[in-house]
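Below is one structure; the comments refer to it alone.
The values are calculated or read from the model by the stated rules, or taken from the named source; none is laboratory data. For clarity, every value in this text was computed on a predicted model and none was experimentally measured. Neighbour counts run over all protein chains shown; Cβ positions are idealised from the backbone, glycine included.
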Amino acid sequence: MDKQWILVFDSGLGGISVLRELMAVLPHEQFLYVGDSRNAPYGGRSTQEVRQLTLASVEKFMADRPVKAVVVACNTATAAAIDTLRAAYPERIIVGMEPAVKLAADRHPGGRIIVMATQVTLREAKFCALLDRFSGEQRIVPLPCPGLVEFIEAGRLHDPALNRHLQDLLSPALAGGADAIVLGCTHFPFLKPMIRALAGPEVDILDGGHGTAMQTLHRLAEKQLLCSSGQGTVELHNSLGTPEILRLSAALLHGET
Ligand code: DGL
């Protein structure tokens, strides 16, 4: 039987940070990466819009490929659309993401934890539930970060204007002290060196990429759908469809930016 695909979806290029973790943890699988850069960023859109865009992107590929699992490698799309996706494809494995607040709280009990994410992620019920669960002992500081995703989508990772914008966003939150920064948007791991430089060496910087890859492994193993031999492959797709966006996708995947 032909291998089935694992579809990895994001609003744009951010999910490539998760794809890297998935490929490391699941080296024999066949991945299909779908980025919707034409409509990115999703982070300032209405919940309804994010839901429609997510469903439309996933549907397009589910129709003509054998897909065994969908990884929503986007905190924003997970917050707005994971329940709808699960209802639409009840027989598929659907793995979502949420900001790694639990991991941060486990590692820094009583600490001050800054959560960088999009406006959609921070206002949706899933994050409010996380806040309810972990606020109290820890101080959780939600930090909406509009304007960062655009730099990554444009491949402007070394632009001094990006560093200035990041500094404007992060400095007020850092002024109150921080034990950990949670990267609650899959685009942000690409900014880790800049965030590290601003936050200093002591602050723990965490993201959910590895946890999501492990969760995908467990879900596949549970259903006996793991591939345990053969060379893994990846196909990169993007709704923009231009050679530039595919080149940038490949560069981010191979750490060549
Ligand atoms: N990468 C996405 C996330 O994890 C969102 C970026 C966007 O605003 O489109 O939240």
How about the range 208-240: which of its residues are among the small types (Gly, Ala, Ser) and modelled with pLDDT under 95?
Ser228, Ser229, Gly230
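Take the residues in the range 186-206 that are in a strand (DSSP E or B) and of a type outside the set (D, E, K, R), then tell me which one is surrounded by the most Cβ atoms within 10 Å (Cβ to Cβ). Can you show your working first?
In the first step, residues of the range 186-206 are kept if they are in a strand (DSSP E or B); the result is 204-206.
Now drop any that are not of a type outside the set (D, E, K, R), which leaves 205-206.
Numbers: Ile205: 19, Leu206: 23.
Applying the filter and picking the extreme gives Leu206.
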Any residue at all in the range 13-24 that is surrounded by fewer than 24 Cβ atoms within 10 Å (Cβ to Cβ) and more than 19 Å from Gly184 (Cβ to Cβ)?
yes
Cβ pairs under 6 Å, 6+ apart or interchain, first in the range 162-190 and free of Cβ contacts under 8 Å to residues at least 60 places away in the same chain, second β-branched (Val, Ile, Thr) and not in a loop (DSSP other than H, G, I, E, B), ordered by first then second residue, are Ala173/Ile114; Ala173/Val141
Which of the numbered conditions does Arg65 fail, given that it passes all the others? Conditions: (1) modelled with pLDDT under 95; (2) part of a helix (DSSP H, G or I).
(2)
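Identify, please: which residue in the range 25-55 is away from the ligand (no atom under 15 Å from the Cβ) and not in a strand (DSSP E or B) and is, among those, surrounded by the fewest Cβ atoms within 10 Å (Cβ to Cβ)? Break it down stepwise before answering.
Going residue by residue through the range 25-55, those that are away from the ligand (no atom under 15 Å from the Cβ) are 25-32, 48, 55.
From what's left, not in a strand (DSSP E or B): 25-29, 48, 55.
Working: Val25: 16, Leu26: 21, Pro27: 13, His28: 13, Glu29: 25, Gln48: 10, Leu55: 17.
Step by step, filter the range 25-55, then rank; the result is Gln48.
Which one of these is farther than 27 Å from Phe190 by Cα and either surrounded by 21 or more Cβ atoms within 10 Å (Cβ to Cβ) or in contact (Cβ under 8 Å) with a residue 24 or more places away in the chain (or both): Thr121, Thr84, Thr76?
Values: Thr121 fails: farther than 27 Å from Phe190 by Cα; Thr76 fails: farther than 27 Å from Phe190 by Cα.
None of the others qualify; the one that does is Thr84.
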Are there any pairs with C-beta distances below 8 angstrom linking a residue in the range 138-160 that is under 30 Å from Ala105 (Cβ atoms) to a residue that is surrounded by 15 or more Cβ atoms within 10 Å (Cβ to Cβ) and hydroxyl-bearing (Ser, Thr, Tyr), with the two at least 6 apart or on different chains, and if so which?
Pro144/Thr118; Cys145/Thr118; Pro146/Thr118; Val149/Ser11; Val149/Thr118
